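Beneath this line is the structure, given in structure tokens, with notes to follow.
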Amino acid sequence: MLQVFWGLLACEILNGKGRDVVEHTSLKKMKELIEKKYGVYESMSNTSSQDYTQTVCWMLHWLLIYSFTAKDLTNTGLFATILTDHAHYGNLFLNVVQLKSESLTRYMIASFLLANGQPNDKYKISKNALEEIACPIAVETLATTSSTDPFSQFLQALYQDYDLDKALALIETMAKHAEGDFLLKNYVFDIKKQAYLLVF
């Protein structure tokens, strides 16, 4: 049954379906099926959790592609929502970001920044998400890996070191990295704008 919803999600991504359609016809049903198939509590503690983690990781990457290649600005916030809406998604996706933090932290931070500028109140995330959710993961990533990602460094400078001069300098570095990133290149202006608003 899960394979059917993978196909449906692929079709919705390719056809650029609206966020509500993707979220309510595919995403929530797939989450239920994955949890039923692997057993949500067992899967996090036993040795067979690798398949569970891989499945959730694939789903997270598909939603990443959908969020950052959508023409509709409301769709970009879906990636941020699945990481912050604990009432509907729990820690399902956030746990994968923490496990694969080096590769996904940048997109988490970018999605949170873009969600701050979301024009539709229905799709806004918590104003404290960057500080309370993204920053601890970003700081841990910088401390435990050789990562020099400017998005993570920006949050560390802003929320941990309180170094506003460094944070301001990192905004331009973030913009350069975003320009060279296939998924973020269309959002450089918005990322810079939201980052500056955090500092000022």
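Listed values, structure above:
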| read-out | value |
| --- | --- |
| Residue satisfying all of: in the range 70-96; β-branched (V, I, T) and modelled with pLDDT under 90; nearest to I137 (Cα to Cα) among these | V96 |
| So A169, is it buried (at least 16 other Cβ atoms within 10 Å of the Cβ) and either closer than 30 Å to Q50 by Cα or not hydroxyl-bearing (S, T, Y) (or both) | no |
| Counted residues, the range 115-147 - those being under 22 Å from N95 (Cβ atoms) and outside any loop (DSSP other than H, G, I, E, B) | 17 |
| Qualifying positions in the range 182-200 - surrounded by 12 or more Cβ atoms within 10 Å (Cβ to Cβ) and either within 19 Å of L168 (Cα to Cα) or aromatic (F, W, Y) (or both) | Y187, V188, D190, I191, K192, K193, Q194, A195, Y196, L198, V199 |
| Options D181, D190; residue that is acidic (D, E), in a helix (DSSP H, G or I) and under 18 Å from L64 (Cβ atoms) | D190 |
| All positions within the range 142-200 that are more than 17 Å from L114 (Cα to Cα), among the acidic types (D, E) and without any contact (Cβ under 8 Å) to a residue 12 or more places away in the chain | D161, D163, D165 |
| Filter pass, I125 being of a type outside the set (D, E) and within 26 Å of G180 (Cα to Cα) | no |
| In the range 153-178, residue farthest from N128 (Cα to Cα) [restricted to those that are of a type in the set (S, T, Y) and either assigned to a loop (DSSP other than H, G, I, E, B) or touching an Asp or Glu at 6+ places or on another chain (Cβ under 9 Å) (or both)] | Y162 |
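The values are calculated or read from the model by the stated rules, or taken from the named source; none is laboratory data. As the structure is a computational prediction, the values presented were derived from the model and not from experiment. Reconstructed Cβ throughout: ideal geometry from the backbone, glycine too, with neighbour counts over all protein chains shown.
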